[in-house]
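All remarks here apply to the structure that follows.
The values are calculated or read from the model by the stated rules, or taken from the named source; none is laboratory data. Here the structure is a predicted model, which means the values were calculated and not measured. In this analysis, Cβ positions are derived from the backbone assuming ideal geometry, glycine residues included, and neighbour counts consider all displayed protein chains.
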Amino acid sequence: MKKIIFLFLSGIIALSASAQTLTDGNKISDNWSVGFNAGAITPLTHSAFFKNMRSTFGVEANKQLTPIFGLGIESIWGINTTPSATAFDHSNVSLLGKFNINNIIWGYTGAPRCFEVEAVAGIGWLHTYSHGNNDGNAISSKFGLNFNFNLGEEKAWTIAVKPALVYNLEGSNPHASYNANQAAVELTAGLIYHFNGSNGKRYMSLAKAYDQAEVDGLNNDINNLRAEAQVNAENAEKAIDSANETITGLQDSLTVCKNKAPIIETITNTNQTLESVITFRQGRTSVDASQTPNVERIATYMKNQKDSKVTIKGYASPEGSAEVNARIAQQRADAVKSLLIKRYKIAASRITSEGQGVGGMFSEPDWNRVSICTLN
């Protein structure tokens with residue numbers, strides 16, 4: 001029993017040592033596994049090794065506490081090979097401590113290796129079955145090795161070969177509990193499935209360790225970012241207020257412009273000035289056929305008076321923006337000029353075309369969509 005206590009104390013020491021490595025995925029719900037075992041068991045001494053061998057099978061549930069140390073509960077049943085009415089000659093339920101030799105020697109790399117060796121030790125309850133009322137109970141102890149082959153990229157499955165010695169600690173001589181005469185050799189193979197953990201993996205992964213100075217530095221950076229965000233928010237609020245003031249001012253200016261009386265240009269006809277008015281449809285800049293006689297009147301005069309020149313001023317009605325109206329006014333003046341040049345062969349040097357924007361010569365706004373040709 002002292003040896004068992006010593007082994008569990010060693011496990012606690014290993015657990016404390018391995019805790020120095022910070023890991024992710026080591027919550028109480030992490031790193032659980034279940035397995036199925038099958039093999040054979042035979043007495044260690046005073047019997048033929050293979051002749052007295054009998055089959056065994058069992059199940060296990062495990063919890064890995066650190067990369068080095070884990071605990072497992074295992075139940076093994078032995079198949080009865082003697083003439084008896086019982087199907088099993090014994091069962092052994094054990095609490096086992098498991099020590100990962102690879103991680104003790106070489107350290108944990110953040111994932112299980114493809115091949116690992118575990119040292120196993122623990123205590124259990126050994127029950128022997130007899131036909132009748134002669135069943136026996138005893139404390140057992142188990143020592144062994146697990147040769148683990150971890151399969152796949154996720155290491156979800158493990159195939160383990162498990163040689164072990166099982167001692168009956170309550171034999172005929174209680175002062176010699178760890179006696180070879182009260183021991184059996186157990187050789188099993190197991191298939192173990194590892195459940196997924198909180199870190200998204202089926203094993204513990206390494207976590208970065210931060211010292212207090214680094215933590216304080218990160219907290220200081222966070223506080224600076226918060227202060228900067230507060231300043232940016234205040235500046236954005238001021239910019240919004242300024243934009244709202246600008247919008248209000250523009251709206252007031254627009255209201256003033258809408259209520260402002262239009263500037264009307266008065267054209268006074270004299271005996272020395274001859275004019276012809278060409279009207280346009282809304283939004284159009286081309287001369288309609290109905291207006292061609294008005295253009296032809298100008299062309300006839302200019303052909304008869306070789307020294308005469310003409311100034312064409314284009315106007316627009318007040319619909320639309322000032323920019324659009326200015327463009328349309330110029331295009332209407334240019335349309336009359338182009339017609340005089342192309343159709344009536346008037347020299348371009350004798351023609352001046354000017355866009356005047358919105359016209360106000362007539363009281364009806366629609367009447368101001370014109371080009372007025374003035375002969376000099």
Can you tell me which residue among Tyr301, Tyr315 is among the aromatic types (Phe, Trp, Tyr) and part of a strand (DSSP E or B)?
Tyr315
Condition first: farther than 8 Å from Gly314 by Cα, in the same structural domain as Ala299 (by TED's automatic domain parsing), hydrophobic (A, V, I, L, M, F, W, C) and within 60 Å of the chain's Cα centre (by Cα). Can you find one or more residues in the range 358-368 that meet it?
yes
For the range 147-184, which positions are at pLDDT below 95, surrounded by 13 or more Cβ atoms within 10 Å (Cβ to Cβ) and polar (S, T, N, Q)?
Asn168, Ser177, Asn179, Asn181, Gln182
Determine if the range 145-165 includes at least one residue that is assigned to a loop (DSSP other than H, G, I, E, B), assigned by TED's automatic domain parsing to the domain that holds Leu44 and free of Cβ contacts under 8 Å to residues at least 24 places away in the same chain.
yes
Does the range 320-336 contain any residue that is over 24 Å from Ala261 (Cβ atoms) and outside any helix (DSSP H, G or I)?
no
Could you tell me whether any residue of the range 336-348 is charged (D, E, K, R), surrounded by 14 or more Cβ atoms within 10 Å (Cβ to Cβ) and in contact (Cβ under 8 Å) with a residue 40 or more places away in the chain?
no
In the range 59-79, which residues are at pLDDT 95 or above, more than 38 Å from the chain's Cα centre (by Cα) and among the small types (Gly, Ala, Ser)?
Ser75
Looking at Glu364, Glu296 in this structure, which one is over 30 Å from Leu254 (Cα atoms) and among the acidic types (Asp, Glu)?
Glu296
Could you tell me how many of the residues in the range 4-41 are within 15 Å of Tyr193 (Cα to Cα) and either modelled with pLDDT under 70 or charged (D, E, K, R) (or both)?
1
Of the residues that make up the range 195-211, is at least one in a helix (DSSP H, G or I), over 30 Å from Asn148 (Cβ atoms) and either outside the structural domain of Thr42 (by TED's automatic domain parsing) or touching a residue at least 40 places away in the same chain (Cβ under 8 Å) (or both)?
no
Between Ile192, Ile222, which is of a type outside the set (S, T, N, Q) and surrounded by 16 or more Cβ atoms within 10 Å (Cβ to Cβ)?
Ile192
So, in the range 287-307, exactly how many residues are hydroxyl-bearing (Ser, Thr, Tyr) and either under 60 Å from the mean Cα position of the chain (by Cα) or surrounded by fewer than 13 Cβ atoms within 10 Å (Cβ to Cβ) (or both)?
2
